[in-house]
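Undergrad: Handing you a structure now.
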4 protein chains.
Amino acid sequence: MFASKIRTRYADTGQDGIIHHPSFAIYCEIARLEFFQQLGFDINTLESQKTFCPVVALTIKYLKPLLSLQDVVVQVAVEECSKVRFTLKYLLLREETLVATGTTTHCFVNAAFKPIALPKNLIHLLKDHLA
Amino acid sequence: MFASKIRTRYADTGQDGIIHHPSFAIYCEIARLEFFQQLGFDINTLESQKTFCPVVALTIKYLKPLLSLQDVVVQVAVEECSKVRFTLKYLLLREETLVATGTTTHCFVNAAFKPIALPKNLIHLLKDHLA
Amino acid sequence: MFASKIRTRYADTGQDGIIHHPSFAIYCEIARLEFFQQLGFDINTLESQKTFCPVVALTIKYLKPLLSLQDVVVQVAVEECSKVRFTLKYLLLREETLVATGTTTHCFVNAAFKPIALPKNLIHLLKDHLA
Amino acid sequence: MFASKIRTRYADTGQDGIIHHPSFAIYCEIARLEFFQQLGFDINTLESQKTFCPVVALTIKYLKPLLSLQDVVVQVAVEECSKVRFTLKYLLLREETLVATGTTTHCFVNAAFKPIALPKNLIHLLKDHLA
């Protein structure tokens, strides 16, 4: 399973002293873009070709609070993949403790933000990583 | 139904030219905290009394992209409420167009982040706003 | 003097309980873009024409802490303006209290991020707002 | 000279396609907190003892744009240090290219946000890192 190591930032915290809940979506994004880079789909290259990969659905379950300056491992697997849409699943771990789980669903869109088919080779690669 | 008016910030955008998807969770939070303030539960007062109201689950469905400097209305209703947990439902609208829907589930915790019962008067107030 | 009213967000805070210092740069930006919109230079229109207005220098002096959900007025004036560069000055006030001052210096660049001359009518408008 | 390696996040970008300028202040903060941790002044420990180290002044000069998913080295040195205040200087480099410089000035404050003297051993350590 693909895994990405991130470090929480002081800037990610909120006044309640813990990492602010929207930051978890950013941690999933960091892992997702590294996963895609490893598959040969670098987001900066994709977007320079006017292809975008927006989030169409997001879910996060928060199990334990995270603090600033902690090391977190984000595991990424593919939950579903069709011709036009795919769903990724995330596990966030601090040391051996599961702190959150999440999913994101994506499509591909063109410069006008109209949905387009996923690249065929991406579909093959994603199916290799089905959970 | 409670509704909050917000304005998207340039800082909320990403390099794909649209509002970055975690910002939608921030818009829900702005509306939620205004809703709570109206119910008499100001977050700054609560937290100064060492009571916190973390997000334990988040879902967002993204229907239309938002751009910077747009006015958005966030409607908030209560979906569920038990003695220890409640779920809010959000509709985000730009003019008359629904751009996203979401939910957040919350509990109350003390300074040690241990769950505590919801205040009884809050439960009554939330049940008045059941969707 | 142009003034913009903003409301601090819970998301702008940090674990020390106050508004995180980079958020002040965002508040200046909100005021600057409203000021420019009033001058007829809407940032979204500008950028859709592949003209960008990056920050080349930033200074902020922090006088008083800001908390979440506070109303802040950001006053904007023009400090300097040449054919290729201008500097804006900001005063941030909470009620009658000055909480911070700042400056930003900007140029205009094209899609390749090469500096270009400021639009002549913008220079005239900015000179009308010299502090 | 102390140096910290950071990686820009997609979330740090703005709709103009480059890293949003307030993110540079966050990069300086990441480096500063690592520098302080190395000196034996971990921010989480300090703040749990109700000692805070706010920014009282910030300056940044932006020389080159940064893009998402780029590796940046942030060098930190001490520019000035008195009994109650110190200024750090930052150089941000992408590969061998200087992309920005900055300074932050700090004091120490107690839980009531009243200034207090810097710890004497911190003053000694900071003077060892004078630029």
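The values are calculated or read from the model by the stated rules, or taken from the named source; none is laboratory data. Just so it is clear, the model here is predicted, and its values are computed rather than measured. Ideal geometry is used to build each Cβ from the backbone, glycine not excepted, and the neighbour counts take in all protein chains shown. To get the accessible areas, we keep the full protein, side chains included, count just its heavy atoms, and leave off ligands, DNA and RNA. Shrake-Rupley method; radii C 1.70, N 1.55, O 1.52, S 1.80 Å.
Undergrad: Quick check: is even one residue across the stretch D:9-18 among the basic types (Lys, Arg), in contact with a strand residue (DSSP E or B) (Cβ under 8 Å, 6 or more places away or on another chain) and touching a residue at least 24 places away in the same chain (Cβ under 8 Å)?
TA: Scanning the stretch D:9-18, I find no residue that is among the basic types (Lys, Arg), in contact with a strand residue (DSSP E or B) (Cβ under 8 Å, 6 or more places away or on another chain) and touching a residue at least 24 places away in the same chain (Cβ under 8 Å), so the answer is no.
Undergrad: Right, something else. Are any residues in the stretch B:76-131 within 24 Å of B:Ile60 (Cβ to Cβ) and among the charged types (D, E, K, R), and if so, which ones?
TA: Of everything in the stretch B:76-131, those that are within 24 Å of B:Ile60 (Cβ to Cβ) and among the charged types (D, E, K, R) turn out to be B:Glu79, B:Glu80, B:Arg85, B:Lys89, B:Arg94, B:Glu95, B:Glu96.
Undergrad: Let me ask something else. Suppose we keep only residues that are open to solvent by less than 30 Å² (accessible area, probe 1.4 Å) and not hydroxyl-bearing (Ser, Thr, Tyr) within the stretch C:65-81. Which one would you say is nearest to the other protein chains (Cβ to nearest Cβ)?
TA: The extreme case among them is C:Leu66.
Undergrad: Which residues, taken from the stretch D:1-21, are over 25 Å from D:His129 (Cα atoms) and in contact with a His (Cβ under 9 Å, 6 or more places away or on another chain)? Working first, answer last.
TA: We begin by selecting, within the stretch D:1-21, every residue over 25 Å from D:His129 (Cα atoms); these are D:8-21.
Hits for the stretch D:1-21 are D:Tyr10, D:Ala11, D:Asp12, D:Thr13, D:Gly14.
Undergrad: Among A:Ala100, A:Ala57, which is the only one that is in contact with a Phe, Trp or Tyr (Cβ under 6 Å, 6 or more places away or on another chain) and either open to solvent by less than 40 Å² (accessible area, probe 1.4 Å) or acidic (Asp, Glu) (or both)?
TA: Of the residues listed, the single one that is in contact with a Phe, Trp or Tyr (Cβ under 6 Å, 6 or more places away or on another chain) and either open to solvent by less than 40 Å² (accessible area, probe 1.4 Å) or acidic (Asp, Glu) (or both) is A:Ala100.
Undergrad: Yes or no: B:Asp42 touching a helix residue (DSSP H, G or I) at 6+ places or on another chain (Cβ under 9 Å) and acidic (Asp, Glu)?
TA: Answer is yes for this residue.
Undergrad: Sticking with this structure for a sec: How many residues are open to solvent by 20 Å² or more (accessible area, probe 1.4 Å), within 14 Å of chain D (Cβ to nearest Cβ), farther than 23 Å from C:Lys5 by Cα and within 17 Å of the chain's Cα centre (by Cα) when one looks only at the stretch B:21-53?
TA: 0
Undergrad: Going through the stretch B:91-131 one residue at a time, which ones are without any contact (Cβ under 8 Å) to a residue 24 or more places away in the chain and aliphatic (A, V, I, L, M)?
TA: B:Leu91, B:Leu93, B:Ala112
Undergrad: Failed condition for B:Ala131, given (1) at pLDDT 95 or above; (2) within 15 Å of the chain's Cα centre (by Cα); (3) surrounded by fewer than 18 Cβ atoms within 10 Å (Cβ to Cβ), with all others met?
TA: All conditions pass for B:Ala131, except number (1).
Undergrad: Got at least one residue in the stretch C:119-126 being in contact with a helix residue (DSSP H, G or I) (Cβ under 8 Å, 6 or more places away or on another chain), surrounded by fewer than 19 Cβ atoms within 10 Å (Cβ to Cβ) and modelled with pLDDT of 95 or more?
TA: No, there is no match, as no residue in the stretch C:119-126 is in contact with a helix residue (DSSP H, G or I) (Cβ under 8 Å, 6 or more places away or on another chain), surrounded by fewer than 19 Cβ atoms within 10 Å (Cβ to Cβ) and modelled with pLDDT of 95 or more.
Undergrad: Further, regarding this structure: Identify, by number, the condition in (1) within 10 Å of chain A (Cβ to nearest Cβ); (2) in contact (Cβ under 8 Å) with a residue 40 or more places away in the chain; (3) of a type outside the set (A, V, I, L, M); (4) surrounded by fewer than 20 Cβ atoms within 10 Å (Cβ to Cβ) that B:Tyr62 doesn't meet.
TA: Among (1) within 10 Å of chain A (Cβ to nearest Cβ); (2) in contact (Cβ under 8 Å) with a residue 40 or more places away in the chain; (3) of a type outside the set (A, V, I, L, M); (4) surrounded by fewer than 20 Cβ atoms within 10 Å (Cβ to Cβ), the lone unmet condition for B:Tyr62 is (4).
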